[in-house]
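Undergrad: Pasting a structure here, questions to come.
The values are calculated or read from the model by the stated rules, or taken from the named source; none is laboratory data. Everything quoted here is computed from the prediction, not taken from an experiment. Quick reminder, even Gly has a Cβ in these numbers, built from the backbone with ideal geometry, and neighbours come from all protein chains shown. Ligands, DNA and RNA are excluded from the accessible area calculation, which covers all protein heavy atoms including side chains. Shrake-Rupley method; radii C 1.70, N 1.55, O 1.52, S 1.80 Å.
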Amino acid sequence: MRYWKYSGAGNDFVLLDGRSEALGDHAELARTLCDRENGIGADGLMILLPPQNGGQIRMAFYNNDGSAAEMCGNGARCLCRHCFDEGICGQTQMIETPAGMVYGKRISEDRYTIRLNRPSEVRLQIQADETLCDYIVLGENGIPHAAVCVDLSENRAILRDLARNLRFHSAFPKGANVNLYSIVNEDHIRLLTYERGVENFTLACGTGTGATVYALCRRGLVRGRDTRVDVDGGILSVDIADGEIYLTGPAERITSGELPQL
């Protein structure tokens with residue numbers, strides 16, 4: 001069976017097309033294929049499935065530990081590119097996800113914009129022990145994010161401990177992806193995200209990027225117009241318009257081939 005590997009600002013994914021053949025246990029596939037030592041290696045697994053609710057395609061997403069995720073922003077951009085390149089969709093894309101419909105648009109060969117799921121819950125400046133967080137859930141079957149202002153020049157081990165403790169905090173019923181940010185100016189932030197299912201920092205998190213900028217825009221700390229977000233994997237851009245979150249960034253095909261015998 002054929003696979004493709006993509007990167008969205010350093011956030012990398014294995015992609016399989018499951019529209020015409022059964023793939024077996026998706027969680028086990030994710031653990032096996034995403035293993036960086038013995039598999040292909042990736043942050044997550046995306047599976048294309050036939051649409052059910054008016055979209056052009058349906059996406060199932062699994063973290064590299066096999067846990068299912070509601071949506072992935074960087075992954076969705078990569079899926080939009082795949083669907084255009086393979087003739088599944090045109091210049092615009094409608095992708096069904098457990099968190100709701102995601103809309104994509106091709107900007108150039110390796111750059112796409114997606115409209116993320118609309119926030120379904122927003123709690124600003126809540127207390128998690130001694131830490132002030134913004135809590136944003138994207139989509140009805142929510143993708144939970146906590147956003148915390150920190151000094152990103154701090155030692156990474158210290159930042160990781162902070163994020164790990166917040167990730168499981170009782171203030172977040174489903175746990176949370178933890179986004180550590182610092183504000184450069186009203187149009188520019190830096191961001192580091194500790195992701196559920198990966199249980200570590202990743203090079204980028206698309207939904208975390210959108211959720212963080214949305215919260216900061218609500219608090220009047222950024223304008224939310226072409227906001228630059230520097231992540232370890234590169235640069236993303238977020239626009240907030242009429243309550244919607246638009247995420248723009250790279251979608252690069254790394255390789256493709258036949259699945260190895262694992």
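Undergrad: Once label points are set 7 Å from the Cα along Cα→Cβ at both E21 and S170, what is their separation, rounded to one decimal in nm?
TA: Those two pseudo-labels are separated by 5.0 nm.
Undergrad: Report the calculated FRET efficiency for E86 and L152 (r = Cβ-Cβ distance, R0 = 30 Å), to the nearest 0.05.
TA: Efficiency computed from Cβ-Cβ geometry: 0.20.
Undergrad: Another question, then. With a 10 Å cut-off between alpha carbons and a GNM built on the chain, which of E252, E21, E130 moves the most?
TA: In the Gaussian network model the winner is E130.
Undergrad: Report, in whole Å, the centroid distance computed from the Cα atoms of the stretch 210-239 and the stretch 125-174.
TA: Taking the Cα centre of the stretch 125-174 as reference, the centre of the stretch 210-239 is 17 Å away.
Undergrad: Quick one: Debye curve from the C-alpha atoms of the stretch 1-89, no solvent, what's log10 I(q)/I(0) at q = 0.15, 0.25, 0.26 Å⁻¹?
TA: -0.50, -1.41, -1.51
Undergrad: So for the stretch 120-262, Kirkwood radius off the Cα pairs, Stokes-Einstein at 4 °C and 1.567 mPa s: how many µm² s⁻¹?
TA: 83
Undergrad: How fast does the chain diffuse by Stokes-Einstein, in µm²/s, taking the Kirkwood radius from C-alpha pairs at 37 °C and 0.692 mPa s?
TA: Translational D for this selection: 181 µm²/s.
Undergrad: Using only DSSP helix segments of four residues or longer, with each worth -39500 (n - 2.57), what per-residue ellipticity at 222 nm results for the chain after dividing by its residue count and rounding to 500?
TA: Mean residue ellipticity at 222 nm (helix-derived): -5500 deg cm²/dmol.
Undergrad: Quick check: at a probe of 1.4 Å, how many percent of the accessible area of the chain sits on carbon and sulfur atoms?
TA: The nonpolar share, carbon plus sulfur, comes to 44 percent.
Undergrad: I've got another one for you. For the stretch 5-20, list residues with backbone N below 15 Å from a point placed 7 Å from the Cα of T255 toward its Cβ?
TA: Correct set: 5-7, 12-15.
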